[in-house]
1. Name every residue in the stretch 85-96 that is in a loop (DSSP other than H, G, I, E, B) and touching a helix residue (DSSP H, G or I) at 6+ places or on another chain (Cβ under 7 Å), in order of residue number.
2. Condition first: part of a loop (DSSP other than H, G, I, E, B), in contact (Cβ under 8 Å) with a residue 40 or more places away in the chain and either more than 17 Å from residue 164 (Cβ to Cβ) or open to solvent by 80 Å² or more (accessible area, probe 1.4 Å) (or both). Now tell me which residues in the stretch 24-42 satisfy that.
3. Suppose the filter is among the hydrophobic types (A, V, I, L, M, F, W, C) and surrounded by fewer than 21 Cβ atoms within 10 Å (Cβ to Cβ); does residue 159 pass it?
4. Looking for something over 14 Å from residue 76 (Cα atoms), touching a helix residue (DSSP H, G or I) at 6+ places or on another chain (Cβ under 7 Å), surrounded by fewer than 21 Cβ atoms within 10 Å (Cβ to Cβ) and in contact (Cβ under 8 Å) with a residue 40 or more places away in the chain - is there at least one such residue anywhere in the stretch 110-121?
5. Among the residues of the stretch 144-169, write down those that are within 22 Å of residue 46 (Cβ to Cβ) and part of a loop (DSSP other than H, G, I, E, B).
6. Got at least one residue in the stretch 80-92 being at pLDDT below 90, polar (S, T, N, Q), open to solvent by 70 Å² or more (accessible area, probe 1.4 Å) and closer than 26 Å to residue 11 by Cβ?
7. Which one of these is in a helix (DSSP H, G or I), within 27 Å of residue 170 (Cα to Cα) and either of a type in the set (Phe, Trp, Tyr) or modelled with pLDDT of 95 or more (or both): 45, 61?
8. Considering only residues that are open to solvent by 60 Å² or more (accessible area, probe 1.4 Å) and small (Gly, Ala, Ser), which ones fall in the stretch 1-23?
Amino acid sequence: LKRKYISSEEVYKTHLYNLTRDIANNLSLDPIKEYAETRGWTPKLLSKYNIGALSNYAKFLEAMKPKYPEKVLRAVGLISNSISLFEENRIIFTLHDPKGRPIGFTGRTLESGETKRKYVNSSNSSIFKKSNILYNLHRAKNVLNKNKFNTLYIVEGQADVISLASHDIFSAVAISGTSFTDN
């Protein structure tokens, strides 16, 4: 039996994919319920798009520490030099690659005022580069291919995509505060 060599970079990427999936699967609607209701977003829609918040950040972080190296926890944003985007009062949008794999997160503050940044993202990593991501691309492509629609809507942010989806428009992507480049 020949053993396949797996590089440290591949192990790191696997950890990143697994941790982002663990976070996406543990997002709860309870902390964002009121905000979602004011936007007209249903629990079913939020669940489909992996949107929510960590109900108990400290408990979740403690559960993840034995599973993943600190470097991975930092890359995804669970651990930060300041306050993690997951422990603040934020709605968390899961970002996916074109294949539909969770690769990062955007957290939008639920607090009004200018006291903190409105949006905070996962750090760039070997699986996530914010400037290379169109939010909801994997779903929009499927809708366009399956239903033979010929309109792709490009909007500013994740909330715009979800608002359109709440009105049965599923072929939208968001640039999420990045500028258009050749990529």
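1. Going through the stretch 85-96, the residues in a loop (DSSP other than H, G, I, E, B) turn out to be 85-89.
Those that are in a loop (DSSP other than H, G, I, E, B) and touching a helix residue (DSSP H, G or I) at 6+ places or on another chain (Cβ under 7 Å): 86, 87.
2. First pass over the stretch 24-42, keeping only residues part of a loop (DSSP other than H, G, I, E, B): 26-27, 29, 40-42.
Next, only the ones that are in contact (Cβ under 8 Å) with a residue 40 or more places away in the chain stay: 27, 40-42.
Selection gives 27 alone.
3. Values: among the hydrophobic types (A, V, I, L, M, F, W, C): yes; surrounded by fewer than 21 Cβ atoms within 10 Å (Cβ to Cβ): yes.
In short, yes.
4. First pass over the stretch 110-121, keeping only residues over 14 Å from residue 76 (Cα atoms): 110-119.
Of the ones still in play, those that are also touching a helix residue (DSSP H, G or I) at 6+ places or on another chain (Cβ under 7 Å) are 110.
Then drop every residue that is not surrounded by fewer than 21 Cβ atoms within 10 Å (Cβ to Cβ), which leaves 110.
Still in the list and also in contact (Cβ under 8 Å) with a residue 40 or more places away in the chain: 110.
Taking every residue of the stretch 110-121 in turn, at least one turns out to be over 14 Å from residue 76 (Cα atoms), touching a helix residue (DSSP H, G or I) at 6+ places or on another chain (Cβ under 7 Å), surrounded by fewer than 21 Cβ atoms within 10 Å (Cβ to Cβ) and in contact (Cβ under 8 Å) with a residue 40 or more places away in the chain.
5. 156, 157, 166, 167, 168, 169, listed by residue number.
6. Yes, that holds for at least one residue.
7. Values: 61 fails: within 27 Å of residue 170 (Cα to Cα).
One residue alone meets the criteria, 45.
8. Answer for the stretch 1-23, where residues must be open to solvent by 60 Å² or more (accessible area, probe 1.4 Å) and small (Gly, Ala, Ser): just 8.
The values are calculated or read from the model by the stated rules, or taken from the named source; none is laboratory data. What you see is a predicted model, and the numbers here were worked out from it, not measured in a lab. Cβ sites come from the backbone with ideal geometry, for glycine too, and all protein chains shown count toward neighbours. With ligands, DNA and RNA removed, areas are computed over all heavy atoms of the protein, side chains included. Shrake-Rupley method; radii C 1.70, N 1.55, O 1.52, S 1.80 Å.
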